[in-house]
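Everything on this sheet refers to the single structure shown next.
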Amino acid sequence: MGIVTTGAIIGAAAIGAAATVGTAAAKNASDKKREKRARTNKNRLIDEMDELEKNRQDVINPYEDVVSLDSMIVDNSGMLSNPFENIGVATQAAEFQAEEADIALASTLDLLASTGASAGGATALAQAALQSKRGIAASLESQEAKNQQLIAQGEQYLQSQQMSEAQRVQTAQMTEAQRLQQADVLGKEFVYGETERRQTEELNRKQAQITGEKQAEYAAAQSRSNTTAAAIGAVGNIASSAVTAAASAKG
């Protein structure tokens with residue numbers, strides 16, 4: 001009876017140990033698949049990250065296309081002149097008036113001579129005519145000089161306005177050119193910054209995925225190790241219990 005009981009105990013222990021080993025083996029096989037899958041995914045993600053690194057945009061110099069605007073700087077001094085340099089004394093009008101007065105005086109003297117008038121009357125008439133000539137000439141001379149002065153002042157004003165407008169246009173052109181260059185620089189900086197941000201985010205996501213797969217690989221490997229250790233411990237405990245039970249049965 002003791003032999004039968006001992007054999008039964010040993011058989012039961014063997015079945016229990018086999019079941020424990022079988023369960024551990026099945027779990028280890030599952031963990032090994034998980035570990036292999038995690039390792040495969042990790043290696044794939046590392047390759048993808050390397051590709052992302054190789055395809056990152058080059059660092060740019062957003063100012064590389066900025067050029068000097070010195071060609072837009074114009075010397076406007078050539079527009080300037082002295083509008084008063086050719087002002088002279090107007091004499092042609094006076095000469096014309098003098099000729100007119102001479103003709104009138106000659107005609108009057110001829111008339112006096114033909115009528116027998118005295119020489120004194122002719123002299124007085126000539127003096128009056130001369131004075132008249134002088135007055136007319138002075139008036140014309142003054143008017144002509146005034147006209148010349150007004151023309152010069154008008155030319156001076158025109159030149160001043162032209163110079164101001166030329167400077168305004170040049171300043172506007174320079175400002176617009178500077179604005180366009182600055183806009184080009186800011187545009188390049190924006191595009192580069194946004195591209196860099198997106199690429200960095202993609203690399204960070206890829207690194208997080210790699211870290212996750214590493215952790216999964218480690219967890220699967222650790223689980224296999226723990227399962228094996230637990231199975232060995234369980235089998236040992238079963239064997240020990242079986243021996244103890246068999247010894248008790250014999251006794």
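Please treat every number below as a calculation from the coordinates, not as lab data. Everything numeric here is computed off the predicted structure, so don't read it as measured data. When we count neighbours, we look across all protein chains shown, and the Cβ atoms used for this are built from the backbone with ideal geometry, even at glycine.
What is the Å³ per residue value for the convex hull set by the Cα atoms of the range 23-75? If you can, show how the numbers build up before the last one.
Details: hull volume 3.1 nm³, N = 53.
Normalising the Cα hull of the range 23-75 by residue number yields 59 Å³.
Within 10 Å of each residue's Cβ, count the other Cβ atoms and sort Arg179, Arg39, Arg56 from fewest upward. Spell out each step's value before the answer.
Details: Arg179 10, Arg39 16, Arg56 13.
Result, fewest neighbours first: Arg179, Arg56, Arg39.
Can you give me the Cα centroid spacing of the range 39-63 and the range 190-213 in angstrom?
When both Cα centres are located, 9 Å separates them.
Going by C-beta contacts inside 10 Å, put Glu35, Glu48 in order with the fewest on the left.
Numbers: Glu35 20, Glu48 14.
By the 10 Å Cβ count, ascending: Glu48, Glu35.
Net charge near Glu64: determine it from the other residues with C-beta under 14 Å of the C-beta of Glu64, scoring Lys and Arg +1 and Asp and Glu -1. Each step should come with its number before you reach the end.
Working: positive: Lys188; negative: Asp58, Asp65, Asp184, Glu189.
Local net charge: -3.
Taking the Cβ of Gln178 as the centre, find all other residues whose Cβ is under 13 Å away and add up their charges (Lys, Arg: +1; Asp, Glu: -1). Display every interim value, and only then the final one.
Numbers: positive: Arg179; negative: Asp70, Glu176, Asp184.
Local net charge: -2.
I need the phi-derived Karplus couplings for the range 176-191: 6.51 cos²θ - 1.76 cosθ + 1.60, θ = phi - 60°, integer Hz, Gly and Pro marked x.
So the Karplus estimates, Gly and Pro as x, are 5, 4, 5, 5, 5, 5, 5, 5, 5, 4, 5, x, 5, 4, 5, 4 Hz.
Quick one: in the range 162-213, what % of C-alpha pairs are over 18 Å apart?
On the way: 818 of 1326 pairs.
Tail of the P(r) past 18 Å holds 62 percent of the pairs.
Could you give the size of the charge dipole of the range 177-234 about its Cα centre, using +1 on the Cβ of each K and R and -1 on the Cβ of each D and E, expressed in debye and rounded to the nearest 20?
Values: 8 positive and 8 negative charges, 23 e Å.
Using Cβ point charges on Lys, Arg, Asp and Glu, the range 177-234 gives about 120 debye.
What percentage of all Cα-Cα pairs in the range 146-238 are separated by more than 22 Å?
Working: 3077 of 4278 pairs.
Result: 72 percent of Cα pairs exceed 22 Å.
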